[in-house]
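**Student:** Below you will find the structure I want to go over with you.
What follows is calculated from the coordinates using simple rules that are stated; it is not laboratory data. Bear in mind the structure is a predicted one, so any value in this text is a computation, not a measurement. Reconstructed Cβ throughout: ideal geometry from the backbone, glycine too, with neighbour counts over all protein chains shown.
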Amino acid sequence: MKCKKCGGKASVNMRQHKLALCKEHYLDWVPEQTERFIKKYEMFTRDEKILVAVSGGKDSLALWDILHRLGYHADGLYLGLGIDGGIGYSHESQRLTEKFAHERDLKLHIVDIETEYGQPIPVLSEISHRGHGKPCAVCGLAKRHEMNRIARDLGYDVLATGHNLDDEAAVLFGNTLSWSSEYLLRQGPVLPASDGLARKVKPLCRFYEREMTAYSLVRGIEYIYEECPFAEGSQSIYYKELLNQLETARPGAKLTFYLRFLEARKRGDLFIEKDLERAHLRSCPKCGQPTSTGDLCSFCRMIEKATSAQAA
Ligand code: AMP
Ligand code: FES
Ligand code: ZN
Ligand code: ZN
């Protein structure tokens with residue numbers, strides 16, 4: 001297999017794009033494509049301040065690396081979740097994130113959930129009785145809430161996450177199976193700013209997971225290989241496996257599934273479009289973030305429940 005650009009030995013073969021590249025040209029191709037997506041979906045400009053949510057995993061570290069290489073003003077945010085899982089998961093992912101930032105002289109904000117709210121995620125989950133014994137629901141809620149809060153408090157224009165195509169296709173698949181129209185409407189490469197929340201973007205949403213693994217390896221980025229220990233057996237992993245089976249039989253199916261969805265939504269072809277007006281939001285009296293309940297948002301309710309359970 002030969003590199004399409006230089007004819008040298010190809011290292012990365014992407015059947016879905018009918019494209020093979022050598023290491024050097026692959027390291028050029030990924031940022032070029034990212035820049036194309038940033039422009040196409042109008043994610044941000046070089047004048048804006050970007051906060052990249054970095055977990056210590058390959059996708060978000062690669063994203064930070066790419067934005068830095070492209071000359072964007074991008075600082076990092078690491079959330080300490082306090083997850084051990086027998087492998088020191090949070091500890092190790094924080095160490096790798098700090099090392100990455102230090103080696104490149106990049107600015108990293110670290111916010112620890114236990115310091116902010118008195119308990120790490122697994123304990124908050126247990127004492128607030130949410131999520132059926134698994135901390136993932138509380139964790140997702142807390143990550144969203146804290147990313148939004150910190151981007152707003154620190155005056156960033158944009159919040160960027162490392163979600164890749166496999167993540168997005170799995171979420172889309174789940175939302176389609178249940179026709180969750182509100183979620184379908186909000187899913188996409190860009191979620192515009194609203195109600196004091198920064199714009200949210202996913203610059204890697206068109207890259208296959210294996211493309212990001214290849215980028216991180218070729219680029220020599222040290223990242224945490226382990227998944228979160230609580231992710232095992234999750235629905236999203238199951239959907240990813242299903243979509244991978246489909247992809248093996250039909251290369252490109254995953255990308256087509258996601259892109260056709262975005263096109264249909266843009267044309268206004270989705271019958272769910274009218275739900276947009278229905279979902280009007282108020283702001284949480286405690287933290288100011290949007291909520292549909294008219295009372296405390298679900299994060300503040302969770303913290304309140306956890307606090308009162310502890311006091312009792
Ligand atoms: P996940 O929900 O774990 O699949 O992660 C999706 C994206 O959320 C990652 O690509 C990161 O951008 C961000 N993220 C996940 N965990 C953290 C964390 N502990 N701190 C900061 N950002 C995170
Ligand atoms: Fe949050 Fe696994 S429970 S990352
Ligand atoms: Zn080449
Ligand atoms: Zn709130």
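**Student:** With a 10 Å radius around each residue's Cβ, average the other Cβ atoms per peptide and rank 304-311, 281-288, 21-28, highest first.
**Tutor:** 21-28, 281-288, 304-311
**Student:** What FRET efficiency do you get for Glu42 and Arg210 if R0 is 45 Å and r is their Cβ-Cβ distance, rounded to the nearest 0.05?
**Tutor:** 0.95
**Student:** Any chance you could check the Cα centroid distance between region 40-115 and region 279-307 for me, in angstrom?
**Tutor:** Cα centroid to Cα centroid, the span is 27 Å.
**Student:** What is the spin-label model distance, in nm, from Leu246 to His91 if the labels are put 7 Å beyond Cα along the C-beta direction?
**Tutor:** Label at Leu246, label at His91, 4.1 nm between them.
**Student:** Sticking with this structure for a sec: Order the peptides 158-164, 204-210, 83-89 from the highest to the lowest mean number of other Cβ atoms within 10 Å of their residues.
**Tutor:** 158-164, 204-210, 83-89
**Student:** Amide H to amide H under 5 Å from Leu19: which residues, 5+ apart in sequence or cross-chain, H placed 1.01 Å off N in plane?
**Tutor:** Met14
**Student:** Based on DSSP, what percent of beta bridges with both residues in the chain are antiparallel, to the nearest 5? Present the calculation step by step, with values, prior to reporting the outcome.
**Tutor:** On the way: 9 of 24 bridges.
Bridges in the chain are about 40 percent antiparallel.
**Student:** Another one. Work out the FRET efficiency for Asp195 and Lys107 from their Cβ-Cβ distance, taking R0 = 30 Å, and round it to the nearest 0.05.
**Tutor:** 0.65
**Student:** Taking springs between alpha-carbon atoms closer than 10 angstrom, which of Gln245, Gln289, Gln119 fluctuates most in the Gaussian network model of the chain?
**Tutor:** Fluctuation is largest for Gln245.
**Student:** Another question about this same structure. With a point put 7 Å past each Cα toward its Cβ, work out how far Thr307 is from Glu116 in nm, to one decimal.
**Tutor:** Label at Thr307, label at Glu116, 1.5 nm between them.
**Student:** List the pairs from Lys4/Lys202; Lys39/Lys202; Lys143/Lys200; Lys99/Lys134 whose alpha-carbon separation is above 18 Å, in the order I gave them.
**Tutor:** Lys4/Lys202; Lys99/Lys134
**Student:** Grab the DSSP H runs of the chain that are 4 residues or longer, score each as -39,500 (n - 2.57), total them, divide by all residues and round the 222 nm result to the nearest 500 deg cm²/dmol.
**Tutor:** -15500 deg cm²/dmol
**Student:** Modelling each spin label as a point 7 Å along the Cα-to-Cβ direction, I'd like the Ser178/Gln235 distance in nm, to one decimal.
**Tutor:** It works out to 0.4 nm between the two label points.
**Student:** How much FRET efficiency would the formula 1/(1 + (r/R0)^6) give for His17 and His73, where r is the Cβ-Cβ distance and R0 is 30 Å, rounded to 0.05?
**Tutor:** Here the calculated transfer efficiency is 0.50.
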